[in-house]
Amino acid sequence: MGIFGKWIGGGLGFAMGGPIGGLLGFLVGSMIDGTTVHTSTYTSGTARTSQGDFGMSLLVLVAAVMKADGKVVKSELDYVKQFFVRQFGQESAKQALLMLKDILKQEIPVRDVCWQIKGNMDYSSRLQLLHLLFNISLADSVIHPSEIQIIEKISSYLGVASSDFLSIKNMFIPETDSSYKILEIDPASSNEEVKKAYRKIAMKYHPDKVSHLGEDIRKSADEKFTMVNEAYEKIKKERSMN
């Protein structure tokens, strides 16, 4: 059945209702092939996010990003499929693409979807969603301004701090002093402030923060953590820090 089947079988809570549930319609039932769906109700964004809720939220937001420029072309779907194959395997990618194609045919109320996610998903999982959206949007090595704009809007609706958004953005779209922006500090910061910032951001982006989403998502979070370490090492080298 693949990871999407396992995610659904592992529990769908808030994604079964609200705007996300409306977009999914009967799609979930057609994908699980008899898998028992365990539902639960979340009342706080501090609750740990289930694998099913994360997977469905990711698919809906990916669709929103792909539709940002007003058109969806086959090459974009191919890039998304390749991404899911790399991250989750062939069978999971097949399931995800079938669901994605259906979602793309619908109008996506981005703000309402994000507000639903914000109210029910823990912060670390929301940061990982952003990371994956940037990863997918740049899979074709072409930066589309409309995609960046929609991801920034999604970030705001999700309640992600602007400094965290800028940090993740600079992992994929380097700006001036990008290493400092990844660590969420200024180039004028002292060496001690750099070290303190690194410890703080490394803890925030540590893969263990999303280990409850399963090993596949934890592995994808390793990339974000590696980028933080690379930014820190670059600053250390520039400053000849020990």
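Taken together, the values in this text are just the output of simple stated rules run on the coordinates, not laboratory data. Just so it is clear, the structure is predicted and the values come from calculations on it, not from any experiment. Note: ideal-geometry Cβ built from the backbone for every residue, glycine included; neighbour counts use all protein chains shown.
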Fill in: Förster radius 30 Å - calculated FRET efficiency between Glu238 and Arg86, Cβ distance, rounded to 0.05
0.40
Response to the item:
Contour minus Cα-Cα span, Asp140 to Lys71, at 0.36 nm per residue, comes to 23.3 nm
Item to complete: With label points built 7 Å along Cα→Cβ from the Cα atoms of Asp78 and Ala161, find their separation and express it in nm.
Response: 4.1
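Evaluate E = 1/(1 + (r/R0)^6) for Glu192 and Asp222, where r is the Cβ-Cβ distance and R0 equals 35 Å; express this FRET efficiency to the nearest 0.05. Don't jump to the answer; show the numbers that get you there.
Values: r = 28 Å, r/R0 = 0.79.
For R0 = 35 Å, the calculated efficiency reads 0.80.
What trypsin sites (Lys or Arg not before Pro) does segment 92-149 have in DSSP loop regions with at most 15 other beta carbons within 10 Å? Provide the component values of the computation, followed by the final result.
Details: sites: Lys94, Lys101, Lys105, Arg111, Lys118, Arg126; in loops: Lys105.
Within segment 92-149, the qualifying trypsin sites (Lys or Arg not before Pro) (loop, at most 15 other Cβ atoms within 10 Å) are Lys105.
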